[in-house]
Amino acid sequence: MDRTVPAGAALLLDFIAGFEAPKGYDTVYANKMAQMPKPLTSMTLAEVIADGPRRTKAFGSSACGRFQFMTATLQDLRKEMVLMGSDLFTPDFQDRLGFRLLQRRGYDKFMAGKMTRAAFGLAIAQEWASFPVLEACKGASRSLTRGQSYYAGDGLNKALVKPEAVEAALTRAFATNSVAVALGAPPATSIKTPAAIASPAPANPLVSPAPRRAADPPPPDTGGITKPEPGLFARIAARLRAAYPRKEA
């Protein structure tokens, strides 16, 4: 994974790619890599875009790469990120494009606690058709139940991931905000979902929130501050001393 991609985004991108393109960065739709003129990772961005119509006709879709970029998506990203047509479609380059797709779908708001888990899950399902919606909603062509692809009913796409697996991945990604994880400590085996992710806050704080559905995750325990793990502050102090050594007078 490209080093410029934050830990939470890297976790989500690896999770997404595991279902969208488990064979890696050279993947094309229907796994017809043998029919490519050369591997995707050795092509330029301009070449990948120009080859899109041929892939659509020959394979059934222009989707390509580890994150299954559509030709129209690549064209938009090229303009938005001011990319060069001569840029090689390398793994790191694809990682950066994938991260930008997450940002466009609300990654930064989600990590800041300003977007619910269900809303971010819906946004991911809109970007990657193999991913499910996390609650009943209106899809691209029909009403959906939890667990269906946003594009269900188009005769081409269906969800390949269980909604519970998506929720767990989103919770793990959010947990990378933790100081302990940022310092290299192993994440807790049981991660409590913040209230902002578990359910949206009511628009009017004076009005009681609607009753929770049985499918919703339980509300987090807000009875107090979590006790830090033993030795955490000592490790922080040691790293600070190493990073900023005291100068002798």
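Which number in (1) assigned to a helix (DSSP H, G or I); (2) on the phi > 0 side of the Ramachandran plot marks the one condition that GLY113 misses?
All conditions pass for GLY113, except number (1).
Hey, any hits in region 50-59 for a residue that's buried (at least 17 other Cβ atoms within 10 Å of the Cβ), on the phi < 0 side of the Ramachandran plot, among the small types (Gly, Ala, Ser) and outside the structural domain of PRO132 (by TED's automatic domain parsing)?
Within region 50-59 (the criterion being buried (at least 17 other Cβ atoms within 10 Å of the Cβ), on the phi < 0 side of the Ramachandran plot, among the small types (Gly, Ala, Ser) and outside the structural domain of PRO132 (by TED's automatic domain parsing)), the answer is yes, since at least one residue qualifies.
For THR27, all conditions in the list (1) in contact (Cβ under 8 Å) with a residue 40 or more places away in the chain; (2) within 24 Å of ASP108 (Cβ to Cβ) hold save one; what is the number of the exception?
Here THR27 clears every test but (2).
Residue by residue through region 144-178, note down the ones that are of a type outside the set (A, V, I, L, M, F, W, C) and in contact (Cβ under 8 Å) with a residue 40 or more places away in the chain.
Hits for region 144-178 are ARG146, PRO163, GLU167, THR171, ARG172, THR176, ASN177.
In the list ARG104, ARG117, ARG100, ARG96, which residue meets the criterion of being touching a residue at least 40 places away in the same chain (Cβ under 8 Å), within 13 Å of the chain's Cα centre (by Cα) and more than 22 Å from ALA165 (Cβ to Cβ)?
ARG96
Tell me which residues, restricted to region 11-34, are surrounded by 19 or more Cβ atoms within 10 Å (Cβ to Cβ) and part of a helix (DSSP H, G or I).
LEU11, LEU12, LEU13, PHE15, ILE16, ALA17, GLU20
From ARG100, ARG78, ARG96, ARG66, which residue is basic (Lys, Arg) and assigned to a loop (DSSP other than H, G, I, E, B)?
Just a single option satisfies the conditions, and that option is ARG66.
So that you can scan it fast, the table gives a plain yes or no per residue for (1) surrounded by fewer than 19 Cβ atoms within 10 Å (Cβ to Cβ); (2) at pLDDT 95 or above; (3) in the same structural domain as ALA7 (by TED's automatic domain parsing); (4) not in a loop (DSSP other than H, G, I, E, B):
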{"residue": "ALA129", "(1), (2), (3), (4)": "no, no, no, no"}
{"residue": "SER141", "(1), (2), (3), (4)": "yes, no, no, no"}
{"residue": "GLY155", "(1), (2), (3), (4)": "yes, no, no, no"}
{"residue": "LEU170", "(1), (2), (3), (4)": "no, yes, no, yes"}
{"residue": "ALA185", "(1), (2), (3), (4)": "yes, no, no, no"}
{"residue": "ILE191", "(1), (2), (3), (4)": "yes, no, no, no"}
{"residue": "ALA196", "(1), (2), (3), (4)": "yes, no, no, yes"}
{"residue": "ARG212", "(1), (2), (3), (4)": "yes, no, no, no"}
{"residue": "ALA215", "(1), (2), (3), (4)": "yes, no, no, no"}
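The values are calculated or read from the model by the stated rules, or taken from the named source; none is laboratory data. What you see is a predicted model; the values in this text were computed from it and never measured. A quick note on method: Cβ atoms are made from the backbone with ideal geometry, for glycine too, and the neighbour counts reach across all protein chains shown.
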